[in-house]
Each structure stands twice: as C-alpha cells, then as structure tokens.
Protein chains: 2
Amino acid sequence: MKDILEQLKNKGYKLTQPREKVLGILLHNHTALSVQDIHKKIDSVDKASVYRVLNLFEELGLVNIENFNNEKLYCLTRDPHHHIICKKCGYSEEVPCTYEHHDFNNFDNVQHQMTLTGVCNNCNK
Amino acid sequence: MKDILEQLKNKGYKLTQPREKVLGILLHNHTALSVQDIHKKIDSVDKASVYRVLNLFEELGLVNIENFNNEKLYCLTRDPHHHIICKKCGYSEEVPCTYEHHDFNNFDNVQHQMTLTGVCNNCNK
DNA sequence: TTTACTATTGCAAATCATTCGCAATTGTGA
DNA sequence: TCACAATTGCGAATGATTTGCAATAGTAAA
Ligand SMILES: [Mn+2]
Ligand SMILES: [Mn+2]
Ligand SMILES: [Zn+2]
Ligand SMILES: [Zn+2]
C-alpha cells in the first residue's frame, strides 16, 4: 500500500481519496473486478473518477485488464497471473501466467492479456 | 464456405443473405475484424443483423473473439491462433496459438482468449 | 410451383459501459 | 496560511451492443 502510494507521489501524482480507496479495494481482492464492482464498494467516489483512477493505474502498469461480457475487469499486477471466470455465475480464480513471449516479427513493446472461461463446479449442478 | 453453410443448415438454421455475407467476409480476412469493420463491407446488411449473425457464430464455436479498445474483434476459428495488434494504428497479424491448457481445479469446458498488443515497426518511426 | 409457417431481418428505440466538459474542490509545496 | 495546478463530481455525450416488433424471406410440404 505505502509502496504504491509513494510510487505515485514520486511521479508527481497527488495522493487523493479516490486513488487511495480504489487501491485499497484492489489490494484486498485477488479476483477480477469490474468498474461497477469497485464503485459499489465505494459510493463516496464518483464512477467517472473510478474510471479515471483505473486508467491512470493502467498507464502506470499497476493493473492488468481482462475482458468479460463486454466489460473490463481489473486486478493489481502482483505476480503475473490471469483469471479463470465462470461464464454462468461470474465466479473467478487466479491462474499463474505461464506464457512465454516469442520474438514478434515487427512488433515492439509486446504485452499480452488472456482470459480463461469455463463452468465452475458449483454451476455444474 | 460450403462446409460451414451445410453445417448451419444441418443444425436447422436458414441460409440467409446476412449469414452468407458475413461468413464470406470472415473467410477472406485473417485479421481481427470489428462489427463496424464487417458492417462497412456490407451495407446491404443491417448492423443489428451483423451482431446477430456473429453472436450465432460465436455460440456455434465458428469464431474466436478478442477485445481491443472496448470492442470485440472477430476471426474465423481455423487453426488455433491469436492476433498481435498495433496499439497505435490497429494493424494486426496472426500469431499461432502455443498455449497448453492445464487441468483447472474445478472448471469444466475451459476456453481461452488472448490478445497481444505492441507497436508495429511502421509506427516505430 | 404455389402455399403456409416460422425463423430471421430491418429499423428505431433502449441499454450499458466508458469518456468528456467544466466549474468546484482538494492536495501540495512555498 | 496562501496560491495554483491537478483532480474530482456531476451531468451530458459517445459508442458499442441489445431488444421489440412488424415486415420479409427461407424452407418444407402440398
Ligand atoms: Mn488477480
Ligand atoms: Mn485471424
Ligand atoms: Zn459458476
Ligand atoms: Zn502501427
């Protein structure tokens, strides 16, 4: 927590309520959270600000993003990992990243985002 | 082409103009196309119908989907592959899929979707 | 071929996620 | 404490995707 807040400050960003609160939620959750999920947990912060904070975190490489059902899901970048999401109920778990980057012809600065989907055993009757 | 059309018919789906035209475009393109991309190439078909056709193709497992800039990109499922997309200009290339599925704890019917992003050498000055 | 029936389409309106403009507020360093 | 720029909240705009419904077009049987 302090780590990342220091990091923000050193780069010239202010330490604001929205930034601290969103960060707090990401720290206490290892699941993939949508903007709406995050916003529900802090109605003191406007949804537009949640978007702005997450966009900043993305620029700074603090979060990784996955897509599911036409919305972005956010999770702090700790050890490289992805998520497996139940397509019936939305339940998600972390999955360590095993992807090894090749040398891509003519592309620089390559990143990847992966989402696994399936049916959790709860939803499997 | 005939292959897939037969397949549709055998499952009880009608062989309609929108379905044939969208399929035609997907067959002639190995890049990842958005609904808007596809729609531009066939203004004789309403955009809502393009969405419906692609949703059907998705259900039937005919296409794989990636996300980029808040929109879905579609490509026919031929050999398993993904795309690497230039985040500056949108140019994309195919990349063979090398991902090996593990055994996921409690999940069945696991699928994955991956998108690579980077900067193409054209955009690299 | 023609008919009859239903799936599918086009169109316009509705949804839903995400972004934006702008005036009011807040964090920071002096 | 002050001054000023960065950031927020709010409401409106945007853009992708979905939906309701009446009109249309495949299909299979007559
Ligand atoms: Mn996680
Ligand atoms: Mn392709
Ligand atoms: Zn489930
Ligand atoms: Zn490029």
Of all residues making up region A:107-125, the number that are surrounded by 15 or more Cβ atoms within 10 Å (Cβ to Cβ) and without any contact (Cβ under 8 Å) to a residue 40 or more places away in the chain: 8
B:His82 in a loop (DSSP other than H, G, I, E, B), within 15 Å of ligand 2 (Cβ to nearest atom) and touching a residue at least 24 places away in the same chain (Cβ under 8 Å): no
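Considering each of A:Val110, A:Val53, A:Val45, A:Val95 in turn, give the residue that is within 13 Å of the chain's Cα centre (by Cα) and on the phi < 0 side of the Ramachandran plot.
On the way: A:Val110 fails: within 13 Å of the chain's Cα centre (by Cα); A:Val45 fails: within 13 Å of the chain's Cα centre (by Cα); A:Val95 fails: within 13 Å of the chain's Cα centre (by Cα).
Going through A:Val110, A:Val53, A:Val45, A:Val95 in turn, just one is within 13 Å of the chain's Cα centre (by Cα) and on the phi < 0 side of the Ramachandran plot: A:Val53.
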Set A:Glu59, A:Glu6, A:Glu66: member being more than 22 Å from A:Met114 (Cα to Cα) and either more than 9 Å from DNA strand C (Cβ to nearest atom) or of a type in the set (Ser, Thr, Tyr) (or both): A:Glu6
So A:Tyr99, is it touching a residue at least 40 places away in the same chain (Cβ under 8 Å) and either under 17 Å from A:Leu116 (Cβ atoms) or in a helix (DSSP H, G or I) (or both): no
Flag for B:Asn122 being closer than 30 Å to B:Lys9 by Cβ and within 12 Å of chain A (Cβ to nearest Cβ): no
All positions within region B:1-40 that are within 16 Å of ligand 2 (Cβ to nearest atom) and not hydrophobic (A, V, I, L, M, F, W, C): B:Gly24, B:His28, B:Asn29, B:His30, B:Thr31, B:Ser34, B:Asp37
Filter result for B:Asn64 (in contact (Cβ under 8 Å) with a residue 12 or more places away in the chain, surrounded by 15 or more Cβ atoms within 10 Å (Cβ to Cβ) and in a strand (DSSP E or B)): yes
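For (1) among the acidic types (Asp, Glu); (2) in contact with a strand residue (DSSP E or B) (Cβ under 7 Å, 6 or more places away or on another chain); (3) within 11 Å of DNA strand D (Cβ to nearest atom), each residue gets a yes or a no:
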residue	(1), (2), (3)
B:Leu23	no, no, no
B:Ala48	no, no, yes
B:Cys86	no, yes, no
B:Ser92	no, yes, no
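Can you find, within region A:87-110, the residue that is nearest to the other protein chains (Cβ to nearest Cβ) among those that are of a type in the set (D, E, K, R) and away from ligand 1 (no atom under 13 Å from the Cβ)?
As a first pass, look at region A:87-110 and keep what is of a type in the set (D, E, K, R): A:87-88, A:93-94, A:100, A:103, A:108.
So of that shortlist, the ones also away from ligand 1 (no atom under 13 Å from the Cβ) come out as A:87-88, A:100, A:103, A:108.
Working: A:Lys87: 8, A:Lys88: 10, A:Glu100: 8, A:Asp103: 11, A:Asp108: 5 Å.
So, considering only residues that are of a type in the set (D, E, K, R) and away from ligand 1 (no atom under 13 Å from the Cβ), the one nearest to the other protein chains (Cβ to nearest Cβ) is A:Asp108.
Would you mind stating whether B:Leu15 is part of a helix (DSSP H, G or I), among the hydrophobic types (A, V, I, L, M, F, W, C) and either more than 30 Å from A:Phe104 (Cα to Cα) or away from ligand 3 (no atom under 16 Å from the Cβ) (or both)? Even if it seems obvious, please write down each step before you answer.
Details: part of a helix (DSSP H, G or I): no; among the hydrophobic types (A, V, I, L, M, F, W, C): yes; either more than 30 Å from A:Phe104 (Cα to Cα) or away from ligand 3 (no atom under 16 Å from the Cβ) (or both): yes.
It is false that B:Leu15 is part of a helix (DSSP H, G or I), among the hydrophobic types (A, V, I, L, M, F, W, C) and either more than 30 Å from A:Phe104 (Cα to Cα) or away from ligand 3 (no atom under 16 Å from the Cβ) (or both).
None of the figures in this text is laboratory data; all of them are computed from the coordinates on show. All values derive from a computational prediction rather than experimental measurement. When we count neighbours, we look across all protein chains shown, and the Cβ atoms used for this are built from the backbone with ideal geometry, even at glycine.
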